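FYI, it's all coordinate maths here, none of it is from the lab. This structure is a prediction, so every number in the text was calculated from the model and none was measured. Every residue, glycine as well, gets a Cβ built from its backbone with ideal geometry; the counts of neighbours run over all protein chains shown.
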Amino acid sequence: MVWKRVRTEELISRLAADLRPRHVEQRIRSRRLWTVAIAIALPLLALGRPLRTDIAYEIADPMFVASVATSALIFITGLLAIVMLRRPGRSRYWLLMPLVALALWVVMELTSGALEVVREGWHAFGFESSPQCPLFIGIVGVPMFLAMLSLSRLGLMVWRGPIAVIAALSSFSLPATILNLLHGLDTSAMVLLWHLSAVVVFAGAAVVLFRQRIPRILYEWLAL
C-alpha cells in the first residue's frame with residue numbers, strides 16, 4: 001500500500017480547521033463565498049452597462065490601450081501575488097509586482113499627459129467634474145478588498161501590512177480600469193486626478209482602518 005504524504009500546508013489547514021466546530025467552519029466558508037461572489041458580481045454588472053460612445057476611437061489609440069492594460073495589470077499582479085503567498089516558503093518579492101505595475105500605469109498616464117500638452121497646450125489640464133468616478137471605485141473596490149483578504153489568511157499571518165497594501169491597491173485599481181471603458185475623461189490629467197487619487201485615497205484608508213480596531217469585525221466575519 002502506498003501512503004499519500006500530507007503536505008505541510010495541508011496539515012496546517014487541517015489542524016486549524018479542527019480548532020473550530022464544524023458548523024462554525026461551514027459558516028465562515030459561506031461568508032467568504034458570499035463576499036467573493038459579491039466582489040465578482042459588481043464588476044460584471046458594471047461591464048453590463050453601455051460602453052463609452054468613443055470606445056472604437058480610443059481602442060485605436062495605442063496610449064489608451066497601454067493605459068488600460070497597465071491599470072488592469074495592477075489587479076492581475078496583485079491577485080497573483082496574494083494567491084502565491086497563500087503557501088508558506090514563497091518569496092516576498094511577489095509583493096513587488098503590483099507596485100511595478102502601478103509605476104508603469106503612472107508612467108503611461110504621465111507620458112500621455114505630456115503628449116497632450118504638446119498637442120493642446122494648457123487645455124490638456126482643463127478641469128472636468130466627475131464625482132461618479134470615486135463613488136464607483138469605492139462601491140466596487142470595498143467588497144473586492146474584503147474578498148482578496150479572505151484569500152490571504154496565511155499571507156496575513158506572515159506579512160500583514162504588505163498584504164493589506166497590495167490587496168487594497170489591487171482591489172481599487174480594478175474599478176478604475178473598468179471606468180476607462182465606461183466613462184470617458186478627456187485628458188490624462190483628469191484620469192490621474194479622479195482615478196489615481198481615488199485609488200490612493202481608498203487604498204490608504206482601507207489599510208489604515210484594517211490596521212486599527214475595525215479588523216476585529218473582519219476577523220469575526222472572515223475568520224482571518
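Things worth noting here:
- Peptide ranges 89-95, 171-177, 142-148 listed from the most packed, as the mean C-beta count within 10 angstrom indicates: 171-177, 142-148, 89-95
- Rounded FRET efficiency, nearest 0.05, which uses the C-beta distance separating Met157 from Leu209 and R0 of 22 Å: 0.70
- Placing a pseudo-label 7 Å from each Cα along the Cα-to-Cβ vector at Ala56 and Arg86 gives an inter-label distance of 4.2 nm.
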